[in-house]
Amino acid sequence: MTDSGTDAAPETTAPYRAGFVSFVGRPNVGKSTLTNALVGQKVAITSSKPQTTRRAIRGIVHRPHGQVIVVDTPGVHRPRTLLGERLNDLVQSTLGDVDVIGFCVPANEPIGPGDRFINDTLDQYPRAKKVAIVTKIDRAGKEKVAEQLLAVSRLREWDAIIPTSGTEGLQLEDLLDEVVSLLPESPQLYDDLAVTEETDEERIGELIREAALEGVRDELPHSLAVVIEDVVEPDDDDPDGPLRIFANLFVERDSQKAIVIGHKGGRLKDVGTRARAEIEALVGRHVYLNIRVKVAKEWQRDPKQLGRLGF
């Protein structure tokens with residue numbers, strides 16, 4: 001006589017997974033916005049100007065079933081300077097180390113030669129799983145999004161194709177679920193409170209550069225670099241005083257210096273005001289910010305100056 005008991009089958013818990021995903025794509029396709037949206041706070045600066053991201057910035061996303069370390073990289077482009085070559089090299093070295101590559105294509109722009117070139121380069125990384133991410137779906141109608149999803153599907157066999165919007169927070173959990181499922185089984189790699197590997201000083205420098213990028217001419221963004229000279233804590237006589245930050249904002253020519261400073265220093269003052277608000281939100285205290293604009297002639301092409309500026 002067979003046992004007709006009603007004992008339920010034991011529940012199986014999904015294994016914990018952790019690993020690295022890198023978003024790639026042309027400049028200004030929404031990679032940094034997507035990174036910040038997934039992490040839940042700003043770890044990478046954003047701008048409408050291309051090539052805003054200059055480092056491989058790690059943002060850490062925590063979920064009960066896994067941990068995703070998002071590596072935001074510069075946009076792949078045809079380099080015109082030594083800096084551009086080094087940024088492309090950074091992307092290539094990053095992709096060789098990640099578990100998942102998320103290829104980002106905006107929903108509101110047709111797939112072009114740049115997208116196809118980047119897609120072709122993904123063959124150099126056979127170890128990584130490949131996910132297509134159609135970004136900025138809030139800027140395109142349903143028909144356009146559907147057309148873009150179809151166009152992307154024709155580029156290669158993807159492990160997943162996900163439409164998202166970092167700005168509006170659309171389908172981010174779907175994206176995370178897909179990415180986690182593709183990661184290796186692994187214990188947690190970062191502690192529960194970690195959100196980035198970036199130091200506060202690095203994040204402060206980037207926030208100043210982000211503020212300086214707003215409203216400048218197209219040729220100027222690439223020439224801007226920020227170095228934090230000093231961060232001074234309040235002294236014992238004034239423990240509630242501001243955190244004092246001294247920064248140098250570098251450009252390549254005297255004419256660019258005049259643009260950044262503006263008429264009677266008005267533009268630089270505006271940059272400082274915007275940057276200080278972001279920095280105070282980051283450090284949670286009052287800040288005194290001193291920005292000096294300096295000229296480092298043709299620094300994007302000079303290996304010694306690139307080294308001094310952190311590239």
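Could you say whether any residue in the stretch 231-238 is in contact with a Lys or Arg (Cβ under 7 Å, 6 or more places away or on another chain) and surrounded by fewer than 14 Cβ atoms within 10 Å (Cβ to Cβ)? Yes, there is a match, as at least one residue in the stretch 231-238 is in contact with a Lys or Arg (Cβ under 7 Å, 6 or more places away or on another chain) and surrounded by fewer than 14 Cβ atoms within 10 Å (Cβ to Cβ). Here the stretch 211-222 is the region considered, the condition is being open to solvent by less than 30 Å² (accessible area, probe 1.4 Å) and under 20 Å from GLY84 (Cβ atoms), and the residue that is modelled with the highest pLDDT is ALA212. In the set (1) under 30 Å from LYS136 (Cα atoms); (2) at pLDDT 85 or above, the condition left unmet by THR167 is number (2). As for the stretch 60-77, it holds no residue that is surrounded by 15 or more Cβ atoms within 10 Å (Cβ to Cβ), polar (S, T, N, Q) and at pLDDT below 70.
Within the stretch 251-272, is there a residue that is within 24 Å of GLU85 (Cα to Cα) and under 24 Å from the mean Cα position of the chain (by Cα)? Reasoning before the result, please.
Initial filter on the stretch 251-272 (within 24 Å of GLU85 (Cα to Cα)): 251-253, 256.
In the following step, the residues that additionally are under 24 Å from the mean Cα position of the chain (by Cα) were identified as 251.
Checking the stretch 251-272: at least one residue is within 24 Å of GLU85 (Cα to Cα) and under 24 Å from the mean Cα position of the chain (by Cα).
Considered as a group, the residues in the stretch 193-210 that are in a loop (DSSP other than H, G, I, E, B) and of a type outside the set (Asp, Glu) include one that is modelled with the lowest pLDDT, and that residue is THR199. Listed conditions (1) touching a Phe, Trp or Tyr at 6+ places or on another chain (Cβ under 8 Å); (2) at pLDDT below 95 are all met by ASN290, apart from (2). Close Cβ contacts (under 7 Å, 6 or more residues apart or on different chains) running from residues in the stretch 27-43 that are among the hydroxyl-bearing types (Ser, Thr, Tyr) to residues that are open to solvent by 30 Å² or more (accessible area, probe 1.4 Å) comprise SER32/THR46; THR33/THR46; THR33/THR167.
The values are calculated or read from the model by the stated rules, or taken from the named source; none is laboratory data. For clarity, every value in this text was computed on a predicted model and none was experimentally measured. Cβ: placed from backbone, ideal geometry, glycine included. Neighbour counts: every protein chain shown. These accessible areas exclude ligands, DNA and RNA; they are computed on the full protein's heavy atoms, side chains included. Shrake-Rupley method; radii C 1.70, N 1.55, O 1.52, S 1.80 Å.
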